[in-house]
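The values are calculated or read from the model by the stated rules, or taken from the named source; none is laboratory data. Every value quoted in this text rests on a predicted model; they were computed, and no experiment measured them. We place every Cβ from the backbone using ideal geometry, glycine too, and count neighbours over all the protein chains shown. What goes into the accessible areas is simple: the full protein's heavy atoms, side chains included, and nothing from ligands, DNA or RNA. Shrake-Rupley method; radii C 1.70, N 1.55, O 1.52, S 1.80 Å.
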Amino acid sequence: MAVSEEGFPARKRRPSAGAFVSPNFSDNKLLQSLFLLSQEISSLSPLRILLKKSSSSITRKSRLLSIFFEELLRNPVNVFPPSAVLCFEELYIVLQRLKILLEDCSSCSKVWLLMQTPSISNSFHQLTGELSTLLDIFPGKELNLNEDVEELLNLIKKQCSEKESDFDSNDENLRVQVLKMLDDIKREIVPDTSKLSQIFDRLKLNNSTSCSAEIENLEDEVQTQNDDRSKSDIVALIGLVRYGKCVLYGASTPRTTSRRRRSSVDVNFPADFRCPISLDLMRDPVVVSTGQTYDRSSISLWIESGHNTCPKTGQILAHTQLIPNLALKNLIVMWCRNQRIPFESTETNIKFNGVVLNKTALEATKMTVTFLLNKLTASQSPVALNRMVHELRILAKTDSDSRACIVEAGALPLLVKILGSEHPNLQINAVTTILNLSILEANKSRVMETDGVLNGVIEVLRSGATWEAKGNAAATIFSLTGVHAYRKRLGRKTRVVKGLLDLAREGPTNTKMDAIVAILNLAGDREAVGKLIEGGVVDMVAEVIDSLTEEAVTILEMVVKRGGLAAVAAAYHQNMTKKLVCVLRDGSNRAKESAAATLVNLCRKGGLELVSELASIAGIESVVWEIMGMGTGRAKRKAGTLMRILRRWAAGQIEDHVNVGQSTTVTMNSTRIILPG
């Protein structure tokens with residue numbers, strides 16, 4: 001079969017630290033705790049779908065035990081014999097384990113619970129046997145129990161010792177049916193709808209909402225497993241439930257207030273997770289010979305461009321070998337998971353949850369995609385279209401295989417037709433689906449080359465019906481600019497540049513950020529910087545620098561570095577210089593780095609007037625001194641260069657001479673001195 005019975009090991013539960021340790025209570029306090037614990041177990045609702053017989057038996061026995069403990073409390077014993085205390089302590093441990101098992105079964109996925117019914121039934125049986133053993137050795141005669149209490153104890157002993165079947169035959173039959181269906185899917189046999197309906201009815205998966213909740217529970221189960229095989233088998237169950245949800249109940253009804261799952265654009269991620277070159281979240285961190293870490297794609301492009309130095313330290317690279325930083329990558333994956341941010345590694349066989357899908361899961365995904373696209377083709381009403389596209393959107397954010405399946409099945413041409421829809425929610429879902437699909441590296445070329453897709457996204461960026469649609473279009477541009485060739489191509493498009501700049505100026509904060517990170521990526525290309533300057537990037541930075549300081553000064557630094565010095569110098573002069581000094585004083589560490597680097601470039605390449613303006617600002621030297629002493633390594637180096645420039649200006653040693661090359665020549669009393677780059 002597709003999923004063997006051994007493929008579903010016992011669920012990794014996380015009981016409290018004291019669950020398997022008896023409390024250090026006095027005798028009466030221990031007895032009181034046993035009474036309360038047995039009452040708590042007896043008040044738990046028996047499982048209503050699976051394992052009904054086992055759970056009902058346990059709650060019934062716990063109810064009798066609570067009465068027994070209550071009777072002991074009503075007739076207190078001055079000193080319990082040691083054997084009785086030992087039994088109480090062991091009973092406490094067994095009851096705690098039973099409580100955890102019942103709560104675990106009540107809260108976990110139904111399909112996952114079904115797959116584990118043999119092992120869980122065996123757990124109930126073993127714990128009942130332990131109860132029976134402890135009650136058999138309980139020294140009831142030494143306690144001089146009255147007749148009624150002794151009869152109650154004997155009744156509990158009898159019930160615990162009765163042999164019961166390990167599991168319900170109905171549960172086992174249902175489990176076999178599910179395993180058979182998974183095996184059929186693996187062999188590319190489409191499940192029989194009537195049989196699928198019977199299974200879902202039996203599991204009380206009666207509508208789209210309950211199926212969505214079941215998928216979420218299964219996704220949580222993936223995180224509790226340690227081995228790849230178990231994770232992969234659970235993903236196969238997710239595929240089955242998702243397929244059944246679409247086929248039996250249609251696509252989900254979209255929430256009108258929904259927004260795409262957060263991306264790294266929407267949150268401030270830890271500085272150590274940010275690539276020093278691209279400033280984006282690192283997907284494949286690698287270490288160079290200087291010990292600095294960069295994203296593989298960014299540092300590879302840097303080296304291929306002819307550089308032989310470390311971008312952050314300026315040191316010569318002893319070699320160009322890139323060593324994977326697996327420890328950092330694991331931390332990034334864990335952080336993304338906790339933040340519910342999709343993480344797509346540049347390695348094609350690694351998924352967001354670290355799971356390599358098995359054939360069953362892959363075929364279930366293909367069947368789901370085929371069903372949705374057929375419905376999408378046949379749908380006429382905007383409401384029906386919206387539900388199908390929303391389901392594709394959800395599927396496209398799950399993992400790489402889903403993204404690949406959707407594109408391979410021909411979804412992009414269908415989505416293009418919807419991008420221009422007058423219905424806001426439909427447009428949002430369509431452009432967000434394309435965004436989710438573009439996360440997969442292999443899909444970027446399909447998005448760029450499929451007729452009408454790129455133009456449709458650009459049109460949404462410029463004139464989308466909602467800010468959310470525009471923001472997601474900008475995020476799609478950002479995703480595509482991750483490929484160097486596409487960055488150059490998109491940077492040459494006036495409509496892209498204008499759309500991003502307008503959104504950065506006018507949009508709410510979330511959409512501003514979507515646009516700004518895309519602009520940052522484009523600014524990595526010298527030709528694109530020219531287009532950005534023509535479009536007014538300098539004015540845009542002036543408008544947003546107070547609210548989005550770090551991002552604004554980073555853009556400014558990149559524009560100046562890649563040929564935009566004249567535009568920045570002509571546009572700003574003293575007002576912008578003062579703002580950059582304010583950033584030096586009050587900004588974040590990264591903002592201070594960018595502000596210092598920008599001022600150095602402006603002073604070195606912009607001439608005497610710019611240096612004079614900087615020097616005239618009150619307190620500038622103390623601000624620079626503070627960074628030299630307290631800033632990051634890069635900020636200290638830039639601040640040191642800035643201080644040397646200010647000191648030379650104060651000594652009257654700088655004349656108005658500009659060299660726009662890689663290094664700058666400054667005339668000092670007829671002596672030519674080259675300041676380091």
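Listed values, structure above:
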quantity	calculated
Surface per residue (accessible, 1.4 Å probe) for the range 422-578, Å²	35
Listed residues S616, T632, A596: farthest to the positive end of the dipole of the range 589-637 (Cβ charges)	T632
Rounded percent of accessible protein surface that carbon and sulfur make up, the range 160-252, 1.4 Å probe	44
Computed label-point distance, nm, for sites R648 and N122 using a 7 Å Cα→Cβ extension	7.9
Label-zone membership for the range 617-639, site L328, 7 angstrom Cα→C-beta point, backbone N under 11 Å	none
Unsatisfied cross-links (Cα-Cα over 32 Å) in the set K417/K512; K531/K592; K366/K417; K312/K470; K163/K195; K417/K531	K312/K470; K163/K195
Among the listed pairs K180/K204; K99/K180; K52/K157, those beyond 25 Å (Cα-Cα)	K99/K180
Charge sum, other residues only, whose C-beta stays under 10 Å from L174's C-beta, Lys/Arg counted +1 and Asp/Glu -1	-1
Kirkwood-based Rg to Rh ratio, the range 88-190, C-alpha trace	1.18
Per-peptide average of other Cβ atoms within 10 Å, ordering 555-562, 628-635, 286-293 highest first	555-562, 286-293, 628-635
Calculated from backbone phi, Karplus (6.51, -1.76, 1.60) coupling profile of the range 617-625 in Hz, x at Gly/Pro	6, 4, x, 4, 5, 5, 5, 5, 4
Solvent-accessible area, 1.4 Å probe, carbon plus sulfur percent, for the range 349-465	53
Backbone HN-Hα couplings from phi across the range 474-479 [Karplus 6.51/-1.76/1.60, Hz, Gly and Pro as x]	5, 5, 5, 4, 4, 4
For the range 580-594, Karplus couplings with θ = phi - 60° (6.51, -1.76, 1.60), whole Hz, Gly/Pro x	5, 5, 4, 5, 4, 7, 10, x, 5, 4, 5, 5, 4, 4, 5
Average accessible area per residue (Å²) across the range 56-192 - probe 1.4 Å, nucleic acids and ligands excluded	47
Amide H contacts of T309 (H built 1.01 Å from N, under 5 Å, at least 5 apart or other chain)	L317
Peptides ranked, highest mean first, by Cβ atoms within 10 Å: ranges 82-93, 191-202	82-93, 191-202
Theoretical FRET efficiency, 1/(1+(r/R0)^6), r = Cβ-Cβ of I617 and R505, R0 25 Å, to 0.05	0.40
By average C-beta atoms within 10 angstrom, highest first, the peptides 324-330, 448-454	448-454, 324-330
Accessible surface of the range 19-122, 1.4 Å probe, proportion on carbon and sulfur as whole %	51
Rounded FRET efficiency, nearest 0.05, which uses the C-beta distance separating K141 from S169 and R0 of 30 Å	0.15
